[in-house]
1. Within the range 208-220, which residues are outside any loop (DSSP other than H, G, I, E, B) and either under 16 Å from residue 33 (Cα atoms) or in contact with a strand residue (DSSP E or B) (Cβ under 7 Å, 6 or more places away or on another chain) (or both)?
2. Scan the range 57-83 for residues that are assigned to a loop (DSSP other than H, G, I, E, B) and on the phi < 0 side of the Ramachandran plot and jot them down.
3. Just to confirm my filter: which strands (runs of 3 or more DSSP E) fall fully inside the range 221-324 and include at least 3 residues that are surrounded by fewer than 22 Cβ atoms within 10 Å (Cβ to Cβ) and in contact (Cβ under 8 Å) with a residue 24 or more places away in the chain?
4. Can you tell me which residue among 122, 89, 127 is assigned by TED's automatic domain parsing to the domain that holds residue 166, within 13 Å of the chain's Cα centre (by Cα) and buried (at least 21 other Cβ atoms within 10 Å of the Cβ)?
5. Of (1) in contact with a strand residue (DSSP E or B) (Cβ under 6 Å, 6 or more places away or on another chain); (2) under 19 Å from residue 154 (Cα atoms); (3) buried (at least 16 other Cβ atoms within 10 Å of the Cβ), residue 49 satisfies all except one. Which?
6. What residue, among those in the range 140-159 that are touching a helix residue (DSSP H, G or I) at 6+ places or on another chain (Cβ under 7 Å) and modelled with pLDDT under 95, is nearest to residue 76 (Cα to Cα)?
7. If only one of 110, 118, 102, 87 is on the phi > 0 side of the Ramachandran plot and in contact (Cβ under 8 Å) with a residue 12 or more places away in the chain, which one is it?
8. Please verify whether residue 30 is outside the structural domain of residue 275 (by TED's automatic domain parsing), touching a residue at least 12 places away in the same chain (Cβ under 8 Å) and closer than 21 Å to residue 87 by Cα, treating the condition exactly as stated.
């Protein structure tokens with residue numbers, strides 16, 4: 001399912017919006033890494049979202065007209081297109097397809113920056129899905145992937161798809177440098193994602209991972225990843241429980257998140273199959289076998305963050321979360 005080249009674009013599962021000059025689309029928040037899948041696994045969630053409004057303009061440029069939102073960090077985002085994840089994604093789309101026209105973009109941010117919920121990724125995915133609907137021949141989601149990676153790299157400094165891929169496809173997705181692969185997800189799986197009133201910049205969270213890891217740890221982590229993926233495919237809760245244990249990234253990032261240890265303990269005490277850090281943090285997630293378990297655990301996880309001095313918001317969501325979609329046109 002590699003991204004198709006624009007000379008022979010893959011058939012789109014997104015319809016063109018007839019005669020539209022302006023399209024609005026949303027992209028959901030996401031859980032990157034899912035603990036054991038650093039930079040290659042992620043899943044979308046029901047809850048916060050970014051909305052992009054894209055207009056087709058005659059001038060062959062990408063212009064960001066406005067960025068709105070009452071979430072932390074929204075007013076600090078650059079309006080220069082090449083410095084903005086959404087702007088760069090549309091620049092890449094225009095250049096690769098050789099479009100004669102341009103795009104004007106407005107963003108309504110619903111996902112806080114530095115939250116570990118894929119806020120930068122959601123902006124570029126929402127913009128791409130909206131712009132794609134304005135094309136005479138819309139591209140497939142797989143073909144949009146490379147442009148989403150171009151946009152995401154502006155924020156994170158690297159091309160990793162663990163946030164943009166599940167936003168494009170929905171549910172749990174394995175993302176490599178060239179492919180998005182949707183994975184099987186049992187319909188009984190629910191997640192709790194708790195976002196505390198903390199900010200943790202992605203670049204800082206990645207910096208603590210720079211030292212090498214012992215081979216023995218890498219081997220153990222590989223075994224956990226194999227158990228986790230097999231558990232998903234088989235719908236086996238016990239395999240998921242054994243696999244959802246991060247030995248590499250979580251131990252180094254946990255000290256950057258006050259209250260994390262207590263939040264994770266609260267989740268496990270309430271029946272979680274596993275719990276870890278969402279993306280770069282500071283948000284945390286846990287997986288459960290039922291929605292009821294997740295709802296009860298969500299309150300306990302918030303209490304744990306409160307004991308550490310931080311208010312938080314909790315989202316209870318199917319692990320098979322939504323994908324980005326068009327929500328209106330003019």
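The values are calculated or read from the model by the stated rules, or taken from the named source; none is laboratory data. For clarity, every value in this text was computed on a predicted model and none was experimentally measured. Positions of Cβ are generated from backbone atoms using ideal geometry, with glycine treated the same way; all protein chains shown enter the neighbour counts.
1. Going through the range 208-220, the residues outside any loop (DSSP other than H, G, I, E, B) turn out to be 215-220.
The one that is outside any loop (DSSP other than H, G, I, E, B) and either under 16 Å from residue 33 (Cα atoms) or in contact with a strand residue (DSSP E or B) (Cβ under 7 Å, 6 or more places away or on another chain) (or both): 218.
2. Listed by number, the residues that qualify are 58, 59, 60, 61, 70, 71, 72, 77, 78, 79, 80.
3. Details: elements: 274-277, 284-288, 312-318.
Filter on the range 221-324 gives 312-318.
4. Numbers: 89 fails: within 13 Å of the chain's Cα centre (by Cα); 127 fails: within 13 Å of the chain's Cα centre (by Cα).
Answer to the check: 122.
5. It is condition (2) that residue 49 fails.
6. Of the residues in the range 140-159, the ones touching a helix residue (DSSP H, G or I) at 6+ places or on another chain (Cβ under 7 Å) are 141, 144-145, 147-152, 154-157, 159.
Filter again for modelled with pLDDT under 95, leaving 152, 154-157, 159.
Working: 152: 17, 154: 15, 155: 13, 156: 16, 157: 18, 159: 22 Å.
Filtering first and then ranking leaves 155.
7. Working: 110 fails: on the phi > 0 side of the Ramachandran plot; 102 fails: on the phi > 0 side of the Ramachandran plot; 87 fails: on the phi > 0 side of the Ramachandran plot.
Step by step, each of 110, 118, 102, 87 is checked, and only 118 is on the phi > 0 side of the Ramachandran plot and in contact (Cβ under 8 Å) with a residue 12 or more places away in the chain.
8. Against the criterion (outside the structural domain of residue 275 (by TED's automatic domain parsing), touching a residue at least 12 places away in the same chain (Cβ under 8 Å) and closer than 21 Å to residue 87 by Cα), residue 30 qualifies.
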